[in-house]
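**Student:** Just passing along the structure, written as structure tokens.
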Amino acid sequence: MIRADLHIHTTYSDDSTVTPKGIVEKLVAHNSIKVAAVTDHDTVRGLNETRKLASSYPDILIIPGVEISTPEGDILILGTEETPPQPWTAENVIDFTRENDYVSVVAHPYREFGMGDLARNYKVDAIEVLNGESSPVANKLANDLAKSMMLPGVAGSDAHNPSEPFTVYTEIQANLRVDEILKAIKKGLVTTHSATRSIHF
């Protein structure tokens, strides 16, 4: 079983001040969260630097990913090392994810740039039901959406500054391998947790 923050932005996102080095240092220091997904806005350029820094630590895993902005709302792709081909419509992004056996997640559905109820029209793999930047009301609506669609719910901090990673996390019944983690998410072998009160560095 692993604990993972499935939504973190690095300085390769225009609006984030979280450095790849900072993510790895936090993973090293943390007593239980050892997995993080790098999901920059519309780019995968932060991935290689983060993975290179993490490679010295056998107990740490960086999941490749990206957060794609579509007209219908933001979609996280977990597992990808490249951005999908344009145009970035929700349908095209989800098709790309399915064709490559990645995981598509509706990001913060009931916040700005979220898909909201439109998510019901697409065959996504999971819903982000616990987003560290969303209000409790928005997260509850997301949780209700996941239940009504019978989809797994995942958690991600959506970190944009250095104090935010790991405020929430997903517990996944898998080992420390990206392919196993992706399979476990699709199977719903996940639970979401808020760590705000229990993180000590």
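The values are calculated or read from the model by the stated rules, or taken from the named source; none is laboratory data. These numbers come from a predicted model, not from an experiment. Here the Cβ is made from the backbone with ideal geometry for all residues, glycine too, and neighbour counts use every protein chain on show. Heavy atoms of the whole protein, side chains included, go into the accessibility calculation; ligands, DNA and RNA do not. Shrake-Rupley method; radii C 1.70, N 1.55, O 1.52, S 1.80 Å.
**Student:** Only one residue in Asp125, Asp179 is closer than 30 Å to Ala29 by Cβ and not aliphatic (A, V, I, L, M), so which one is that?
**Tutor:** Asp179
**Student:** Considering segment 80-106 alone, what residues qualify as being within 18 Å of Ile181 (Cα to Cα) and open to solvent by less than 10 Å² (accessible area, probe 1.4 Å)?
**Tutor:** Thr80, Thr97, Val103, Ser104, Val105, Val106
**Student:** May I ask you to verify whether Gly114 is open to solvent by less than 10 Å² (accessible area, probe 1.4 Å) and more than 12 Å from the chain's Cα centre (by Cα)?
**Tutor:** No; evaluated as a whole, the condition is false for this residue.
**Student:** Let me ask something else about it. Identify all residues within segment 146-189 that are open to solvent by 20 Å² or more (accessible area, probe 1.4 Å), touching a residue at least 60 places away in the same chain (Cβ under 8 Å), in contact with a helix residue (DSSP H, G or I) (Cβ under 8 Å, 6 or more places away or on another chain) and closer than 24 Å to Gly114 by Cα; write none if there are none.
**Tutor:** Matches in segment 146-189: Pro162 only.
**Student:** Looking only at segment 163-188, count every residue that is assigned to a loop (DSSP other than H, G, I, E, B) and over 12 Å from Leu61 (Cβ atoms) and tell me the total.
**Tutor:** 7
**Student:** Go through segment 61-91 and count every residue that is more than 16 Å from the chain's Cα centre (by Cα) and either part of a strand (DSSP E or B) or among the aliphatic types (A, V, I, L, M) (or both).
**Tutor:** The number of residues fulfilling the criteria is 2.
**Student:** Can we say Ile77 is closer than 17 Å to Ile185 by Cβ, touching a Phe, Trp or Tyr at 6+ places or on another chain (Cβ under 9 Å), open to solvent by less than 10 Å² (accessible area, probe 1.4 Å) and in contact (Cβ under 8 Å) with a residue 40 or more places away in the chain?
**Tutor:** So Ile77 fails the test.
**Student:** Going through segment 92-120 one residue at a time, which ones are assigned to a helix (DSSP H, G or I) and touching a helix residue (DSSP H, G or I) at 6+ places or on another chain (Cβ under 8 Å)?
**Tutor:** The answer is Asp117, Leu118, Ala119, Arg120.
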